[in-house]
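S.K.: Could you have a look at this structure, given as structure tokens, before my questions?
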Amino acid sequence: MTQLFQDVRKDLSVKPNWMDDAVFKEMKENWDSPQFKLKSEQNKKNRDANAGASVHTDGCIPHRIIWKRLKEATGKDPSFSEFYFRTRQKEKEKSWVNEKAKTAYNNFEKKKEELFASQSASVDGETNSTSELSQLSDMDIRVLSVGGKKKGRVVGLSSLGRSVKVPKQTTSYV
């Protein structure tokens, strides 16, 4: 509905066929008013001030619902990468929603590389026991890359982060 009104407001010279004449006239007067323009400008400034915020592409849909939909579509739990790409990349352009999202993903990839490098070093050093590291999932690595949970949540995972267990961070992870 919001998108419909935004489309109408872009070109006020054309009344949409689904809108009554009286309603269109009243809406047009409201959109042309100084009060509306002032409020609109203030809202734009507020949105711009949030440029560094963690932005995702699914509006008000909770992350747990997105996770569930991805799981239903593929028949298995999505990897962290699949989930993060789905929620932080613009679908058409395949570009990141902002620099913060790109940096967070790069930090995750860097942490993953560090962990696997330290794991392969211990294997080369003839440590044959199964390390805790080999059992880490992408989600565990994400938790480690952001420094664990804060106030019961994992940064960047919203409501999904509540159910994530925080792996023990030992010196073998660093």
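The values are calculated or read from the model by the stated rules, or taken from the named source; none is laboratory data. The shown structure was predicted, so the numbers you read here are calculated from the model rather than taken from an experiment. Because the Cβ atoms are built from the backbone with ideal geometry, glycine has one as well, and the counts that use them run over all protein chains shown. Surface accessibility is based on the protein's heavy atoms, side chains included, excluding ligands, DNA and RNA. Shrake-Rupley method; radii C 1.70, N 1.55, O 1.52, S 1.80 Å.
S.K.: Using each residue's phi in region 75-92, evaluate 6.51 cos²θ - 1.76 cosθ + 1.60 at θ = phi - 60° and report the 3J(HN,Hα) Karplus result to the nearest Hz, with x for Gly and Pro.
M.R.: The phi angles translate into x, 8, 4, x, 6, 4, 4, 4, 5, 5, 4, 5, 9, 10, 10, 5, 4, 6 Hz.
S.K.: Next up: Return the FRET efficiency for the residue pair R64, R9: r is the Cβ-Cβ distance, R0 is 41 Å, and the value is rounded to the nearest 0.05.
M.R.: Working: r = 34 Å, r/R0 = 0.82.
For R64 and R9, the calculated efficiency is 0.75.
S.K.: For V154, enumerate residues with amide H under 5 Å from its amide H, sequence gap 5+ or separate chain, H modeled in the peptide plane.
M.R.: G161, R162
S.K.: Peptides 73-80, 142-149: what's the order by average Cβ count within 10 Å, highest mean first? Before the final figure, lay out each step's value.
M.R.: Values: 73-80: 12.9, 142-149: 18.9.
Those peptides, ordered most packed to least, come out 142-149, 73-80.
S.K.: Moving on. Hey, any idea what % of region 1-73's accessible area is carbon plus sulfur with a 1.4 Å probe? Don't skip to the end; give the middle numbers.
M.R.: Working: 3100 of 5820 Å².
The value for region 1-73 is 53 percent carbon and sulfur by accessible area.
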